[in-house]
Amino acid sequence: MRRHLLIALICMVVGPLALLAALAGKMLQDEETLLGHRFRELLGQRLDDSRSAITEVIGDLEVELAQGIESTPIDREGLRAFERGQPLVRQVFVADAEGRRLHPLADGEASQDERDFLERTRAIWEARAELARVGPAEGNEAGRALARGGVDSTWTLPASSAGSLLPSSASPQAEVAQQQAPQAVYAQQQALPPNSPVAGETSPEGQVPAADSLAGLARIREQGWIAWYWEEGLHLLFWRRRADGLIAGAEIERAALLQRLIAALPATGEQASLIVVADAQGEPLYQWGNHEPDDAEAPLARLGLAPPLEAWALLYYGPEDDAPLALPTSRFVVLLGLGATAIVLLGLAVFFYREWSRNMREARERVSFVTQVSHELKTPLTNIRLYAELLADDLGGVDDAAEERAAVIVSESQRLSRLIANVLTFSRRGRPASERARPFDLDGLVRATVDHFGPAFRERGLEVVRRGAAPRPVLADEDATGQILANLLSNVEKYAAGGGAVEIEVEQDPRRTRVRVRDHGPGIPPGLRRRVFEPFFRARSDLTEGVSGTGIGLTIARDLARQQGGDLELVPADDGACFELTLPTAPETTDPHGESQR
Amino acid sequence: MTRRLAALAALASVLLCAPEAIAGSIELRAETATPVVLAGQMRTVVLKVGLRGLDIADSAARAPINLAIVLDKSGSMAGEKLEKAKTSALHLLDRLRPDDLVSVVAYDGRVRVLVPATRVSERRRIAEAILGVQAHGSTALFAGVSKGVGEVRKFLRQNQVNRVILLSDGKANVGPSSPNALGRLGAACAKERIAITTVGLGLGYNEDLMVQLAMRSDGNHAFAADASDLERLFAAELGDITSVVAQGALVRIDLAPGVRPMRVLNREAMITGRTITYTQGQVYGGQEKFVLIEAEVGPGVAGADQPLATVTTTYLDLLSGQSELDRRVVALRFTDSVMEADAAMVPSVLVAHTEAIANERNRLALDLRDRGEVLQAQRLLQANSDYLDEAAARYASPKLKKQALDNSSDAKNLDAEGWNRQRKVMRKRQYELDVQQSF
């Protein structure tokens, strides 16, 4: 009982707490996600500022180059002078509308730098098929992958410049036609000096028309970027379709561009974080801020740069506690709430438990008192009974009236004995039953008990009808069984005297023996059938009014029956109440007298 | 007879080379080692083209300076190095004029702009920033220089000397860090007339990178083995900066038909057909910086005069603020007489040529030593020393004599333990000879 209560109380405390904790956890998690999201958004915004600075540099560069390209006279001297004056230009090139390269040409007039440029950009001039194939989406990835793989002559068209608009007109026929077109105008091939280093390799290049896909692009767009990888990393080429239809462009001086970007980006000051501009391999090109990330530290945010530098990215590193400040406070509040609820629930549980314990103790004390008193009553009562019986014997045949009075004393003292026996049995409830089962003759016990009640039944006009018999003994405690039967008959006497008869039916099979005690009194309403075995329960107050009783008779009876491996049940009956006592039949082997007694 | 002929030839060459007029503050010099050559055979002639700035008498007349000091403050600079660097920088400040611009950038793995471009008149603020520098961290050299250049670019004007002084004692390890990458940055800066002077401190820096950066941007390069050298080097550097008389000199040498260019010594130049062009970012007053061109000349007819080259230069004269143009024509004369040819030889050009060739060989020896071929490098240096000795005796040139001694000393110092230092010494000397640096 105590254990059940404890478990119930624990459930009462833990259940709601667990539920609350789960809800709070979910809420906190949601909040954390939200804050994390907001934090990342904030970081993204910070990175976005830096990206804007870079985009601005690129934008200025585009404008500067576009103007320069438009205004430069297309002759070698003019182009070279343009190169000399532009820190961001490493090499300029010019092609005609069909994409045939006009400058630089690898002829005798070419400088070493120009030859180097043609070598660097050979992919662009030769690999026209590739140029057409590299799409906007895969271009970037392919470039990165190849860069990682160390292929140095790879190039790609970033999304911005290529678009998805590569001309479908670059059909094989067109290509062939262009290859076969007369090159007289552009074949400014001269006899190269014998010691010219690349004369042999590059001399055919002067005649080969340049990549027609560049021309194709120029048909659709006015200007754009081409990115490719060479030796130290990303190289950029800016091209523009001039007003006169020529395509001119410039290779960007990588170091100078980087210098401009670094100059445009913030220097290290008091920033607690660290922002890194990283190349395609993740190597830092420039960084600012005071945070010192560990080797394994992952960036809190990452933002790719805008084309044509989309291979590069901005990475944000920062101290973690720079992150959401609101979170700890809300977590604290939630924990506080949970704690308070837990304390209140625990307090309630403790309160209930103490109340219950107190009640239990008081009840135990009362029971103990009653038990003691009952014990004290037992001895004088036995004496009273003994002497009353002796008195009745003495008066037998001498004085009938006196004998009858003595019989009443006996009967009443017997009733009192039963009461006390019940009280004592009840006080032993819950303790293990003493092992006193042994085979005995049930019929004899029933007869004795009925005889016992004989005077009382006669007085109330109750007729006892016995049916059936138990030819074999039952295996049970005889005293306890007697007490059960006495309790049942006592109930009949008390509540069903009006029924006029009580039927006692015994039935036996090899395993079970049943005793049914049935009266024809008011019976027990169906709704209360279950509860009649509960202690201190009395079926109907109107019925029990004026009837004495402790309300523990049936409880004790059932307990006793069960302790002996049997049971006591209320079975449905047409009228009145019918109780059925089941007891185990004694096995044949254990009872050699069974046969003889039959 | 021959003497008279020789004198005539000399006169002719002087006349032909004579300046048309000295218009600006640069004197354009162009002369060949052999104004008179033997006819009837292919020949290689050496043409020396140099720019010499006029001495500035009045220091108040010098062009304003826009200077960025880029200090390495990586962990290795801690202690005396950084302290000396700070005091040297402060002394530099003292010698600038109040209207000059100065910015101070310090870098380790990150870059701090300690003083954005500011007038020197705010000396206290600048000094405080310099003195507050503390050494710590790694070396983001590229980014440091980039920020320095960025500060100079903020106030980029035509008539001023733009200069970044980089002081580093370590190898770049954050961001681009190859000599080539830094060289490209230098080249881009040169186009805007921003020169970068690199000062290597101690034995930890990458001399190739520092030399490339200085060379491509047309700055100076110095090697301070010890921090105590810094003050002297900074002073010498400032001497150069304050003596700049012209900037962005573009020199174009058009060789005459029949003359084929073979190579250009001492400076990077662009050869396109028969035209050679190179730029010299800064022309210092009182200093001549020259290149040597080797060209092949076809067989001529004795007695004939033939133009060799036309040399043109355009530059921005900082004293007048004007763009100036200057032109020289160099001619050759063919003869049958060996004596006449020999007599007409110009020793100073021959000395310069010998010097440049020996310098090339010194470079080659360094490459050999880099590849681990110590013995061959040693042999080459010794041969170089002998070659220089002989020439020194022939032309009675103490300069060549000194170079011979340097080479023989190089030959003795190729062993592993001293190599790091020796390599820096050699690179520095090679660069010094290439650009005829004054310190």
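The values are calculated or read from the model by the stated rules, or taken from the named source; none is laboratory data. These numbers were taken from a predicted model, which means no experiment stands behind them. All Cβ positions, even for glycine, are placed from backbone atoms using ideal geometry, and neighbour counts span all protein chains on display.
Would you mind telling me which numbered condition in (1) exposed (fewer than 12 other Cβ atoms within 10 Å of the Cβ); (2) more than 27 Å from A:ILE275 (Cα to Cα) A:HIS37 fails?
(2)
Let me spell it out: the conditions are (1) in contact (Cβ under 8 Å) with a residue 60 or more places away in the chain; (2) over 20 Å from the mean Cα position of the chain (by Cα); (3) closer than 30 Å to B:LEU114 by Cβ, and B:ILE65 meets all of them except one. Which number is the exception?
Condition (2) is where B:ILE65 drops out.
State whether one or more residues within segment B:161-176 are within 13 Å of chain A (Cβ to nearest Cβ), in a helix (DSSP H, G or I), under 15 Å from B:SER103 (Cβ atoms) and of a type outside the set (Gly, Ala, Ser).
Within segment B:161-176 (the criterion being within 13 Å of chain A (Cβ to nearest Cβ), in a helix (DSSP H, G or I), under 15 Å from B:SER103 (Cβ atoms) and of a type outside the set (Gly, Ala, Ser)), the answer is no, since none of the residues qualifies.
Only one residue in B:ARG163, B:ARG184, B:ARG193 is on the phi > 0 side of the Ramachandran plot, charged (D, E, K, R) and crowded, with 20+ Cβ neighbours inside 10 Å. Which one?
After applying the criteria, what remains is B:ARG193.
If you go through segment B:138-152 one residue at a time, do you hit one that is farther than 22 Å from A:LEU88 by Cβ and within 13 Å of another protein chain (Cβ to nearest Cβ)?
yes
Among the residues of segment A:58-75, write down those that are within 14 Å of chain B (Cβ to nearest Cβ) and surrounded by fewer than 18 Cβ atoms within 10 Å (Cβ to Cβ).
A:ASP60, A:GLU64, A:ASP75
Mind checking which residues of segment B:92-113 are assigned to a loop (DSSP other than H, G, I, E, B) and either among the aliphatic types (A, V, I, L, M) or away from chain A (no Cβ under 14 Å) (or both)?
Of everything in segment B:92-113, those that are assigned to a loop (DSSP other than H, G, I, E, B) and either among the aliphatic types (A, V, I, L, M) or away from chain A (no Cβ under 14 Å) (or both) turn out to be B:ARG95, B:LEU96, B:ARG97, B:PRO98, B:ASP99, B:ASP100.
Just one of A:GLU231, A:GLU251, A:GLU292, A:GLU283 is within 9 Å of chain B (Cβ to nearest Cβ) and within 25 Å of A:ARG84 (Cβ to Cβ); which is it?
Answer to the check: A:GLU231.
Looking at this structure, is B:VAL425 assigned to a helix (DSSP H, G or I) and more than 30 Å from B:LEU233 (Cβ to Cβ)?
no
Quick check on my filter: what residues within segment A:388-404 are part of a helix (DSSP H, G or I) and exposed (fewer than 15 other Cβ atoms within 10 Å of the Cβ)?
Within segment A:388-404, A:LEU390, A:ASP393, A:ASP394, A:ASP400, A:ALA401, A:ALA402, A:GLU404 qualify.
Residues checked against (1) of a type outside the set (Asp, Glu); (2) at pLDDT 95 or above; (3) touching a helix residue (DSSP H, G or I) at 6+ places or on another chain (Cβ under 7 Å):
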position: B:GLN158; (1), (2), (3): yes, no, no
position: B:VAL161; (1), (2), (3): yes, no, yes
position: B:SER177; (1), (2), (3): yes, no, yes
position: B:LYS191; (1), (2), (3): yes, no, yes
position: B:LEU201; (1), (2), (3): yes, no, yes
position: B:PHE223; (1), (2), (3): yes, no, yes
position: B:GLU231; (1), (2), (3): no, no, yes
position: B:ALA236; (1), (2), (3): yes, no, no
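Looking only at segment B:114-137, which residues are within 13 Å of chain A (Cβ to nearest Cβ) and assigned to a helix (DSSP H, G or I)?
Across segment B:114-137, the qualifying residue is only B:ALA129.
Given (1) at pLDDT below 90; (2) over 30 Å from B:ALA356 (Cα atoms); (3) of a type outside the set (S, T, N, Q); (4) more than 27 Å from the chain's Cα centre (by Cα), identify the lone condition not met by B:ASP58.
Of everything listed in (1) at pLDDT below 90; (2) over 30 Å from B:ALA356 (Cα atoms); (3) of a type outside the set (S, T, N, Q); (4) more than 27 Å from the chain's Cα centre (by Cα), B:ASP58 misses just condition (4).
Only one of (1) outside any helix (DSSP H, G or I); (2) at negative phi is not met by B:GLY321, so which one is it?
In the conditions (1) outside any helix (DSSP H, G or I); (2) at negative phi, B:GLY321 misses (2) alone.
Determine, yes or no, whether A:TRP239 is among the hydrophobic types (A, V, I, L, M, F, W, C), assigned to a strand (DSSP E or B) and in contact with a His (Cβ under 7 Å, 6 or more places away or on another chain).
For A:TRP239, the condition - among the hydrophobic types (A, V, I, L, M, F, W, C), assigned to a strand (DSSP E or B) and in contact with a His (Cβ under 7 Å, 6 or more places away or on another chain) - is not met.
Of all strands (runs of 3 or more DSSP E) completely enclosed by segment B:240-287, which ones contain at least 2 residues that are touching a Leu at 6+ places or on another chain (Cβ under 9 Å), within 14 Å of chain A (Cβ to nearest Cβ) and farther than 14 Å from B:ILE56 by Cβ?
Where strands (runs of 3 or more DSSP E) fall fully within segment B:240-287 and carry at least 2 residues being touching a Leu at 6+ places or on another chain (Cβ under 9 Å), within 14 Å of chain A (Cβ to nearest Cβ) and farther than 14 Å from B:ILE56 by Cβ, they are B:244-255, B:259-265, B:275-284.
From the list A:LEU348, A:LEU309, A:LEU338, A:LEU303, pick out the single residue that is at pLDDT 85 or above, within 22 Å of A:GLN29 (Cα to Cα) and away from chain B (no Cβ under 14 Å).
After applying the criteria, what remains is A:LEU338.
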